[in-house]
Each structure stands twice: as structure tokens, then as C-alpha cells.
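**Q** Here it is, the structure in full.
Bear in mind that the values in this text are calculations on the coordinates, not laboratory data. Quantities reported herein were computed from a predicted structural model and do not represent experimental measurements. Virtual Cβ from ideal backbone geometry, glycine too; neighbours counted across all protein chains shown.
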Amino acid sequence: MPIRIVFLILLGLFICLPASGQEIFLREDLRGDTITPDTGMNRKHYRHAFIGSNMFLGGPDGPGGAINSFKSWGYEYGLRYKRKFSHYYSVGYDINLRRLRYTPSEWQMASLNGELPLKREKVVLVQTGLALYQRINWQKRRGDFIGRFVDLGVYGHWNFASRYVYAFDLPTGERVKVKKSKLDYVQPFDYGVLGRIGFGNFVLKSTYRFSDHFKESYGLDEFPRFTLGFELGLHPF
């Protein structure tokens, strides 16, 4: 047999043997090094954005705090983090930005200064803040999904912008619109409690505000303290 043919046969065996051994070695390593991710909707850590809107419910603290419910509302955008400790229990926090609009029914604040009766008025508060919550999931089997849950928590917000807008008519028939910002009578912080009932992406939310919107020295009646609203979780369905 020619030496060239013998050399080619030996070279082929030399190449094939290590390749076969390497394949088994890699296959065993992959099985041993597989790690389950700890980030996901039903895993140890999860973050997602959300949007929401709410209405104001309940009675005011006095007649001056009555509002037009159909023209008063709030909306918010935020980021939520959840830390899972067991299949049923998690804790977390929200960072959010909120805009609250109140349309008083009988406030007439500007008219107290001698101006003409108002045709329109509203109070706008823009807030940012933090909420802390604990979550109970009651769905036994849900895979890697948010599932059904109940949240209970507390919140605190900073009123970093405020505005009072009103309009009145002059005897000539002209309408004057006035905007006042950085209101002295608005408290810098709000705080209260919250509750949520969630079904995946869809959440029913309610809050109760313990703090006052207005400083006591101005003698203004407080607006309703309850809210009821809806949230949409911006995560996979």
C-alpha cells in the first residue's frame, strides 16, 4: 500500500477521534451549566411600565371643596418593580408621575378678591413620587405571567408644579382667562394608602389621601380624598 494512502488514513483517524470525544464533553457541560433566569413576570425580579387614569370619589371636607366629577380626573405614568419571595407573596415599589385636575363646583376663589363671578376654573397639580406595596397572588398555576393579585401599600408624592386657571366675562362681553402658578396655598407633599386588584395587564386601583392639598392657614375646604381608577400594565399579555 502506498505510503501516501496510509498517511491519509491515519490523518483521518486522528481528526475523527478528538472530534467525537469533544462532542460528548460539550454535551455533558451544557447539561451541568444550565441556569434558570431569575428575571421575568413570575420570577424573582421583574420591572415594567404602566399607565393609569382615575376619578375622584367621596364627599369634600366642606362645601367649598365640591367638584364637578365629570370634569375632574387624574392620570399617571410609572415604572413598577416586583420582588418575588414565594409563589403567593411579593413586595415592590412604583416610581410615577401624576397629573391631577380638579374642577371646583362652588369654589369661586378668585371672586373672593373682588373680581367678577367666574365662568370657569380649575386647579392642576403635577406630582412625582414613590409607592411601596406588598402583593398576594391567589392563582395557583400561572406559568411565567403576572396572574391575578391583590396589592396593598402606601404612597408619598411631591407636588412640584401647581396651577390655578379661571375665566370671567367683562361687561363688554369679552372673556378674560387668568393662569396662576406656584400656588402658595398648596402643600408640597401628599401621602396616603392604596389598594389594587389585578388580572394580568388590567388593574383596578383605589387610593385614599391622608394629607391635605391646601395649607390650613388659607381656610380652603379640601377636595374629595378617594380615587378610583384603572391601570394598564405595559408588559406582555
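**Q** Measure off 7 Å from each Cα along the Cα-to-Cβ vector at ALA167 and ARG99, then give the distance between these two points in nanometres to one decimal.
**A** Taking the simple label geometry, ALA167 and ARG99 are separated by 1.8 nm.
**Q** On to the next question. What ³J(HN,Hα) values, in whole Hz, does the Karplus curve 6.51 cos²θ - 1.76 cosθ + 1.60 give for the range 100-106 when θ = phi - 60°, with x put for Gly and Pro?
**A** 10, 10, 10, 10, x, 8, 10
**Q** Any chance you could run the full-extension gain for PHE160 through SER86? It's 0.36 nm times the residue separation minus the Cα-Cα distance, nm to one decimal.
**A** On the way: separation 74, 0.36 × 74 = 26.64 nm, distance 3.76 nm.
Taking PHE160 through SER86 to full extension adds about 22.9 nm, to one decimal.
**Q** Would you grab the residues whose amide H sits under 5 Å from the one on ARG83? Only those 5+ places off in sequence or on another chain, please, with H modelled 1.01 Å from N.
**A** Counting only residues 5 or more places away or on other chains, the set is VAL91, GLY92.
**Q** In percent, what relative contact order does the range 140-209 have, based on Cα pairs under 8 Å that are 6 or more apart in sequence?
**A** 39 percent
**Q** Exceeding 19 Å between C-alpha atoms, which entries from my cross-link table qualify? They are LYS84/LYS140; LYS182/LYS205; LYS122/LYS179; LYS44/LYS140.
**A** On the way: LYS84/LYS140 15 Å; LYS182/LYS205 29 Å; LYS122/LYS179 10 Å; LYS44/LYS140 17 Å.
Too far apart for the 19 Å limit: LYS182/LYS205.
**Q** Counting other Cβ atoms within 10 Å of each Cβ, which trypsin sites (Lys or Arg not before Pro) in the range 173-237 have at most 10 and sit in a DSSP loop?
**A** Answer by residue number: LYS182.
**Q** If the label point is 7 Å along Cα→Cβ of LEU130, which residues in the range 161-193 have backbone nitrogen under 15 Å from it?
**A** Backbone N within reach: 190-192.
**Q** Just to check I understand the Karplus step: with θ = phi - 60° and J = 6.51 cos²θ - 1.76 cosθ + 1.60, what whole-Hz values come out for the range 84-95, glycine and proline as x?
**A** 8, 10, 7, 4, 9, 10, 9, 10, x, 8, 10, 10
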